[in-house]
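The values are calculated or read from the model by the stated rules, or taken from the named source; none is laboratory data. Just so it is clear, the model here is predicted, and its values are computed rather than measured. Heads up, the Cβs are rebuilt from the backbone with ideal geometry, glycines too, and the neighbour counts pull from every protein chain shown. Note: areas computed on protein heavy atoms with side chains; ligands, DNA, RNA excluded. Shrake-Rupley method; radii C 1.70, N 1.55, O 1.52, S 1.80 Å.
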Amino acid sequence: MNELRPEDVEADWWTHPGAPAPLPPRQAKGSTGPHRSSGPAQPPAGGVMAPPRRPTPNQPTTGQPAPGPAGPQQHRTPQHRGAPGPGDSRATPWATEPESSFTTWARRFLRGLVVVVLLLAAISGVRSWIRPNSAPPVAGSASSTYPKDEAQAVGTRFAMSYLSWDELNPDARPAAIKRDLATGLDERVGWNGRGRQAAAAAYPGEVTVDPGGVAAQVDVRVMVVPFVRNGRVFVRGKPTWQRISVPVARTSARVVVSGPPTYVADLPAALPENMPEAGVPDDDLTAVTLNDAKAFFGAYGESDAKVAAVTAPGAAIRSLNGSVKLKELADWQVFTGDDNERHATAAVTWSGSGDTTLDQTYSLTLRRTVAADGAQRWQVAAVG
């Protein structure tokens, strides 16, 4: 029986590509060394490896080596160990396609964007380490949440207690001050226990809040009545207005006075240069509405019912309830505007008790109304 040679199997596989790949020749029993080469085939000792044969005319040119007699060193060895050979089921089932230019551009753009963001984050972080943000907190936020109404109430009551004292009743002042002063502070608040004075009225002003949002200063104007000693009695003096600044602090429970107040100079001040102007006078409408203005101020001094009869529908104007009477409408002026609403000013002379008169100036809003018969009038809609 003829023995099947390896080169015959290999030749048959190359001729029929669909056939299974040939197995490498079995190594003789007892021989040493690997049965397949671990790299490119080496030329036989003492000679040169024969060049690969050219494909025969009947053999398809698929880039595969042509069949021919193979020596012991000429069996096919893959370039990479474990790489799939022809007909191997492990062959890659897809083919690599070239990447489009848009995909390449998008990938590079995203990569560059990530780099820019990281650089900006690093730069801003380093800058904050070198020069931290030392800008002061916004005062508006602390001022808007501060309990200003309570601060004004506490500051006003404390101002009246602070500016009232009587050496004949020295315990009355500390008892009154204790209601608003923070616990642990001196209830005498600087008074030496001598003299007599009484606070008659007080009016709060502006509340200046500290940027921290805890402390504040309350501006209070107080009318005080001094008493002068005349022998063994005190004689009432002339009332005067005094202005003080009361320090307060906000706690978790309430607003308290945090220390003694200080006197503040109450200086006169001129009007600002940017005062809003009344507008352009409308002499024709001024003349037409003059009698209506007199009727309004006559009713304004007497009663609410009379005021409601001469004002525009929907107006909510309260009268002076007879405390004064109209003596004269010294001046009346209506200004230009739209067809339904106008601004006006009035100089009024009121008669008080006895022979007393008092001049006052009012700012009013007029509204055009249409009666059921089609008649049009301009009536007062608001005062002030």
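Annotations
- Pairs with Cβ under 8 Å, 6+ apart, first in the range 353-373 and hydroxyl-bearing (Ser, Thr, Tyr) and modelled with pLDDT of 90 or more, second open to solvent by less than 90 Å² (accessible area, probe 1.4 Å) and part of a loop (DSSP other than H, G, I, E, B): Tyr362/Gly384; Ser363/Gly384; Thr369/Ala312
- The range 351-384: number of residues that are β-branched (Val, Ile, Thr), within 43 Å of the chain's Cα centre (by Cα) and surrounded by 15 or more Cβ atoms within 10 Å (Cβ to Cβ): 3
- Residue check, Pro281 over 36 Å from the mean Cα position of the chain (by Cα), within 30 Å of Leu364 (Cβ to Cβ) and not basic (Lys, Arg): yes
- The C-beta contact set for the range 243-257 (first residue within 19 Å of Thr145 (Cβ to Cβ) and open to solvent by 10 Å² or more (accessible area, probe 1.4 Å), second residue in a strand (DSSP E or B) and charged (D, E, K, R), distance under 9 angstrom, 6+ apart or interchain) comprises Val256/Arg250.
- When residues in the range 170-222 are screened for being under 35 Å from the mean Cα position of the chain (by Cα) and not in a strand (DSSP E or B), 6 of them pass.
Residue by residue, here is whether (1) of a type in the set (A, V, I, L, M, F, W, C); (2) assigned to a strand (DSSP E or B) holds:
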| residue | (1), (2) |
| --- | --- |
| Asp292 | no, no |
| Ala295 | yes, no |
| Val307 | yes, no |
| Ile317 | yes, no |
| Leu320 | yes, no |
| Leu329 | yes, yes |
| Trp332 | yes, yes |
| Asp339 | no, no |
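Yes or no, residue by residue, for (1) out of contact with any Asp or Glu (no Cβ under 8 Å at 6 or more places or on another chain); (2) closer than 25 Å to Asp282 by Cα:
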site: Pro313; (1), (2): yes, yes
site: Ala316; (1), (2): yes, no
site: Asp331; (1), (2): yes, yes
site: Phe335; (1), (2): no, yes
site: Val348; (1), (2): no, yes
site: Thr356; (1), (2): yes, no
site: Leu364; (1), (2): yes, yes
site: Ala381; (1), (2): no, yes
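- The single condition among (1) free of Cβ contacts under 8 Å to residues at least 24 places away in the same chain; (2) open to solvent by less than 70 Å² (accessible area, probe 1.4 Å) that Val220 does not satisfy is (1).
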